[in-house]
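See below for the structure under consideration.
Just so you know, all these numbers are worked out from the coordinates, no wet-lab data involved. Everything quoted here is computed from the prediction, not taken from an experiment. Cβ placement follows ideal geometry from the backbone for every residue including glycine, while neighbour counts extend to all protein chains displayed.
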Amino acid sequence: MTLSIRTRLTLWYAAIVIVVLTAAAAAMVGAQTQLGLRRLDDELDRLSGAMLTVLANEIDERHDLALAADDATGEIDIKGRTVVILSSDGKLLASNKDGPDAAFLAAAPAPSRFVTVPTSAGDLRMVAVAGAHAGLTYTIRIAAPLTALASERSALMESLAIGLSMALLLAGVGGWIIGRQALRPLVAMAQETSAMTTLTPDERVTVPRARDEVAQLGQAFNGLLDRLDAAMSAQRQFMADASHELRTPVSVTRTTAQVTLGREHRTEQEYRESLTIVAEQAERLTRMVDDMFLLARADAHARPIDAIAIYLGELVDECTRAVRVLAEERGVDVRALGEQDVPFVGDENLLRQLLVNLLENGVAHTPPGGRVTAELRTTEDSVEIAVTDSGPGVDGADRDRIFERFVRLAPSGAQTGAGLGLPIARWIAERHGGRLTLESSAPKGARFVVWLPYAPVTGPSAPPEPHVAVHQVSFDQ
């Protein structure tokens, strides 16, 4: 059976209170016992001093220890106390009481001045003092029963037991009330949370005004709801944007197929043109799906880095050669500049996609006759790849927007991608511990800079020497 937090708080509170009070009661009983013994010892000490004085006087009068002891015990009447006088050899000389108690006290060992002697009738507290007068030595022992102290202790323990019972009851009630008051905001939060549905995504729990742990919990929970709402909003926006972007190639493909199939007699050239349109839209659709799949894996942290040793200069050359084929159709010159033999450890496929995305973005925004360059240079601790175009540049208000998904700044009717190339490129740079920024932008072009942390690769893990063979480049961005 699982107890509620309120019940557990009440039990813990009551347990702590009862433990503390029990410890205090035990200390009180111990202190009372010690004080009672000290008070009794003081009384016995005073009586023994008086007996020593009386016995010395009797010795002066009778000149006989036995007679003097008998007279001394008879002269002082001490109620409730047993007095015995022993000779130097331990022989009982006199006692104020007859019977087994006197003989028992005379024979009881006395290792110290005050000692507790157990008897069948109860414990006795005894003081033993040695005396000497007129050449005679003797010992006086006085004992008092501990029944009075035991009675006081019992009365105190009974009172404490009653007090502890009442304290336990009050602690339980108080703990229940305190737990109820302390947990009331949590109960209210739970009720508000239970009332939340998918139709009320903007609702939040009420945070108490007090700056305590409950308020911190409420603020943290509201923060979690804010992040979930932002994630859901981003997901909904992504789905809406993706649906909008996918609609165009799908509509073009469907319309082309319907028009082609709508007429019975078509020439071979017309079929070729229709199939070319379908193929172009299918390729565009494939690239968009691949990009969205990569971003989805990036959001889920499901795309690991397959790090290998490569030469960045060779990779830059490959990407510029691959993009140059598309750039020549637009009359744009694409060139690679800077250093060549730059070893680096990273994911070759992702880095290739990063460079191709930046180069294709530059080609798409550069008018005919313009130029796009990719320049590689190194510093002591970093590698920088700058991709510069001679296009119209980016407005200041759009410098951050261009890295958002599905954002396109091309003029209306221009043939551009889905607006995913730059977001993917930035994610790849950040995944390698670097960054991608728009360093400068002017009416005569934009300059994107990729910064990557650099540690020269030497030894057995260094990549092979670069070669000039053209690699097959995949444009699955």
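General remarks:
- Prolate/oblate/rounded label for the chain (Cα gyration tensor, a/c 1.5): prolate
- When each of the peptides 182-189, 425-432 is scored by how many other beta carbons lie within 10 Å of its residues on average, the order from highest to lowest is 425-432, 182-189.
- Residue-averaged [θ]222 nm for the chain, counting only DSSP H segments that reach four residues, each worth -39500 (n - 2.57): -19000 deg cm²/dmol
- Here region 274-424 is treated as a sphere whose radius is the Kirkwood value from Cα pairs; by Stokes-Einstein at 20 °C and 1.002 mPa s it diffuses with a coefficient of 128 µm²/s.
- Against the compact-protein benchmark of 2.2 N^0.38 Å, the Cα-based radius of gyration of region 18-141 scales to 1.27.
- Global geometry of region 104-152, whether rounded, prolate or oblate, following the gyration tensor of its Cα atoms and the 1.5 cut on a/c: prolate
- Once you reduce region 1-55 and region 213-262 to the center of their Cα atoms, the two points are 73 Å from each other.
- With the charge dipole of the chain set up from +1 on Lys and Arg Cβ and -1 on Asp and Glu Cβ about the Cα centre, the Cα lying farthest toward the positive end among the listed residues Asn57, Gly338, Ala182 is that of Ala182.
- For the chain, the share of DSSP beta bridges that are antiparallel, to the nearest 5, is 90%.
- Set of aspartates and glutamates near Lys97 by C-alpha distance (under 16 Å), chain-local residues within fewer than 8 positions excluded: Asp70, Asp71, Glu75, Asp77
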